[in-house]
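Everything on this sheet refers to the single structure shown next.
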Amino acid sequence: MCGIVAYVGYRKAQPILIEGLKRLEYRGYDSAGVVVFHRNGLVVRKSPGRISALESLLDDETAAGTCGLAHTRWATHGAPNMVNAHPHLDGSGRIAVVHNGIIENYRSLKKYLEQKGVTFRSETDTEVLAQLIGHFYKGNIEEAVRKALADVRGTFGIAVMSSEEPDKIVAARKGSPLIVGVGDGEFIVASDAAAIIQHTTQVFHLNDGEMVTVWSDGFRTTTFDNVPVAKSVSELEFTLEEIELAGHEHFMSKEIFEQPDALTNCLRGRLDMNEGRVVLGGIARFARELVHARRLIITGCGTAWHAALVGEYLFEDLARVPTEVEYASEFRYRNPVLDEGTVVIVVSQSGETADTLAAAREAKEKGALVLGIVNVVGSTIARETDAGVYLHVGPEIGVASTKAYVGQVTVLTMMALFLGRRKLLSQTETMEYLRELSAIPEKVRRITAQSDQIREVANEFKSAENWLYLGRGYNYPTALEGALKLKEISYIHAEGMPAAEMKHGPIALINEGMPVVFIATRNSQYEKVISNIEEVRARGGRVIAVATEGDAQIRDYAERVFYVPDTPEPLQPLLSVVPLQLLAYHAAVLRGCNVDKPRNLAKSVTVE
Ligand code: G6P
């Protein structure tokens, strides 16, 4: 949700800023802009659309400075055009601001400034912030930012510079992530470490309510109230190679195909085959609380919410703990009842999603034990939860989540077994699950090897504009996730639902030729799903099935079949989703869509 990069040091800022923006483009791609200090003034270039459009505007003027800011936008206030693109300047042209987040009281601040004679050029909340900082500016940018922030309500990660203090950047955070890369005689401030890692692996994070002033050979961190804050610098845990395409056409395909390795990393060191137990160091000290938990609530957004739904089946089935799943955006405002014995688990790839973070804070506020299932090491949710389990699936860049989803489901499976073993599962039963779990990465590889056949099916059905995805039990969340993958990257309308619910309304939609995807693996509800398939066929629907290898009978019911290897029912979500990821990927590519940067979406949603 908007990407920020800021540089101050001894090198030319522009290439570092542009390279950084490209690494952050997944966060938003409505417009892009850059500002550098050159010859006593701020040189600004901005453009609607992608960073490539901005690049065509760069020239000697922008190439010169050694201090600058850059931004890639996911529009919240005002259309994604040139005027609304960041950076925004104050009226005097001395102050430049890039911003990620929402200034909630921007209307009243704007009115106040207009009464003072300020005129506005854009419709954005960010320009209001730039003008407000300009209003307070008396030669000390840090002080002006501090004064402005005292009047601001909302969420923000900002970076600010002044042409009168050209070797200095001030950045501040409330709700939107900011990381500071510490180089030798240079600093890079960015929304995500991906924009930093090429230059340094030494970083520190800003917490909410903190600001930093960086200059080429030093920095100062304080609270918004000017209380000094000490920061310890840590080492980034991923490599540059992990965030590059490595020969793939898209990050999404790279991430689908690297799932076997990602899952191997996720499982590494966590399955004790000799003792028949799961080793989760991050949450081990809370094992007692988990065993005595009377209820679990799992919360998240989007794909993470679908993983949470699988978690509900897993925890109730394998550990017999009553479990509820909540949309983080609803949970946070509902004044939820969190009585003693409730443990809240928050699931988030980025660890920065605004609603999920707020849900975690709400649960903590009410005294619940809050555990995180997070991919990005050191992210806000990872830091603010009581304990947690990292996915260790590596950076995910494609906007549509794939490997993080299977990673989340894998961690939830391990947590359910961690708990189940302590409550009701025998050592032998647990060992059997662990053996099967350890075989999952290789089974995923067998599915990705069918990519070409799946592409043929995608080609055959790619023009259909309405699809249904149906499954029962463990396959129901997979139906939701399969439908989400298709709609978010190919713009085909797709709905997922429990197969039995279809006859309570959605069956009215089925007409001649409508594609209906059934997740019909061999499990306790197989026969019932076959009946649902019959109901669809009777109305002219064209059935595509995900089925278990060796199931020849399914061919009598489904026009097209994607086979997945056999595995126990609780582990089936880890396999059944993979052909659906590939189906969505191929459909989107064949329809000419931008798979990694689908319209209107962003990878990390740091606004409500
Ligand atoms: C956005 C992304 C989704 C993701 C959701 C939650 O909507 O486009 O792919 O599932 O945010 O993100 P998180 O980082 O919290 O898992």
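Computed about its Cα centre, the charge dipole of the chain is approximately 700 debye, with only Lys, Arg, Asp and Glu carrying charge at their Cβ. Between segment 460-489 and segment 225-298, the C-alpha centres lie 27 angstrom from each other. Taking the DSSP bridge list for the chain and keeping only pairs wholly inside it, about 60 percent are antiparallel. Counting only protein heavy atoms and a probe of 1.4 Å, the accessible surface of segment 349-422 is 47% carbon and sulfur. Counting only Cβ charges, +1 for Lys and Arg and -1 for Asp and Glu, the dipole size of segment 447-525 around its Cα centre is about 220 debye.
What does DSSP give for segment 183-327 in terms of the percent of beta bridges that are antiparallel, rounded to the nearest 5? Here the share of antiparallel DSSP bridges comes out near 70 percent. Straight-distance candidates among the lysines for linking to Lys487, with alpha-carbon spacing under 17 Å and chain neighbours fewer than 8 residues away dropped: Lys462, Lys597, Lys603. Quick note on the chain: its Rg to Rh ratio, both from C-alpha atoms and Rh being the Kirkwood radius, is 1.00. Rounded to the nearest 10 degrees, the inclination of helix 475-490 to the longest alpha-carbon principal axis of the chain is 40 degrees. In the chain, the longest principal axis of the Cα atoms and the axis of helix 403-423 are about 60 degrees apart. Couplings 3J(HN,Hα) of segment 382-390, computed from phi: 4, 7, 8, 7, 5, 6, x, 10, 7 Hz, in residue order, whole Hz [Karplus 6.51 cos²θ - 1.76 cosθ + 1.60, θ = phi - 60°; x for Gly and Pro].
Listed by chain and number, the lysines whose C-alpha is less than 27 Å from the C-alpha of Lys147, apart from same-chain residues fewer than 8 away, are Lys110, Lys111, Lys116, Lys138, Lys168, Lys174, Lys231.
Where the accessible area of segment 20-71 is counted over protein heavy atoms with a 1.4 Å probe, how much of it, in %, is carbon and sulfur?
Here carbon and sulfur together make up 46 percent of the probe-accessible area.
Each of Leu338, Gln349, Leu309 was placed along the dipole of segment 300-350 (beta-carbon charges, centred on the mean Cα), and the one lying farthest toward the positive end is Gln349. Computed with a 1.4 Å probe over protein heavy atoms only, the accessible surface of segment 494-608 comes to 37 Å² per residue. Using the average count of surrounding beta-carbon atoms within 10 Å as a protection proxy, the listed peptides 64-76, 172-184, 220-232 rank, highest first, as 64-76, 172-184, 220-232.
Probing with 1.4 Å while keeping every protein chain in the model, the per residue accessible area of segment 268-330 equals 45 Å².
By accessible area, using a 1.4 Å probe on protein heavy atoms only, segment 512-587 has 42% of its surface on carbon and sulfur. Using the Karplus relation 6.51 cos²θ - 1.76 cosθ + 1.60 with θ = phi - 60°, the per-residue 3J(HN,Hα) values for segment 595-601 come to 4, 7, 9, x, 4, 6, 9 Hz, with x marking Gly and Pro.
Ordering Thr402, Leu486, Gly420 by the projection of their Cα atoms onto the charge dipole of segment 357-497, which places +1 on the Cβ of Lys and Arg and -1 on the Cβ of Asp and Glu, puts Gly420 at the extreme positive end.
Ranked from highest to lowest mean number of other Cβ atoms within 10 Å per residue, what is the order of the peptides 318-329, 530-541, 283-294? Before the final figure, lay out the partial values.
Details: 318-329: 19.4, 530-541: 16.4, 283-294: 14.8.
Per-residue Cβ counts within 10 Å, averaged per peptide and sorted highest first, yield 318-329, 530-541, 283-294.
Think of segment 74-231 as having a plus end and a minus end, set by charges on the Cβ of Lys, Arg, Asp and Glu; of Leu178, Ala150, Val97, Ala150 sits farthest toward the positive end of this dipole.
Ordering of 376-388, 189-201, 42-54 by packing is 189-201, 376-388, 42-54, highest average first (other Cβ atoms within 10 Å, averaged per residue).
When Cys301, Cys266 are compared by accessible area at a 1.4 angstrom probe, the order from most to least is Cys301, Cys266. Excluding ligands, DNA and RNA, the accessible surface per residue across segment 38-80 is 43 Å² with a 1.4 Å probe. Oblate is the label for segment 65-119, because the ratio a/c of its alpha-carbon gyration tensor axes (a ≥ b ≥ c) is 1.5 or higher and a/b is not greater than b/c.
Counting only aspartates and glutamates at least 8 places from Lys12 when in the same chain, those with an alpha carbon closer than 18 Å to its own are Glu55, Asp59, Asp60, Glu61, Glu165, Asp167, Asp184, Glu186, Asp217.
For segment 176-275, which GluC sites (Glu not before Pro) are in a loop by DSSP, counting at most 14 other Cβ atoms within 10 Å?
Glu244, Glu249, Glu275
The values are calculated or read from the model by the stated rules, or taken from the named source; none is laboratory data. What you are looking at is a predicted structure, and each value in this text was computed from that prediction instead of being measured. Note that we place each Cβ from the backbone using ideal geometry, even for glycine, and neighbour counts take in every protein chain shown. Accessible surface areas use protein heavy atoms only, side chains included; no ligands, DNA or RNA. Shrake-Rupley method; radii C 1.70, N 1.55, O 1.52, S 1.80 Å.
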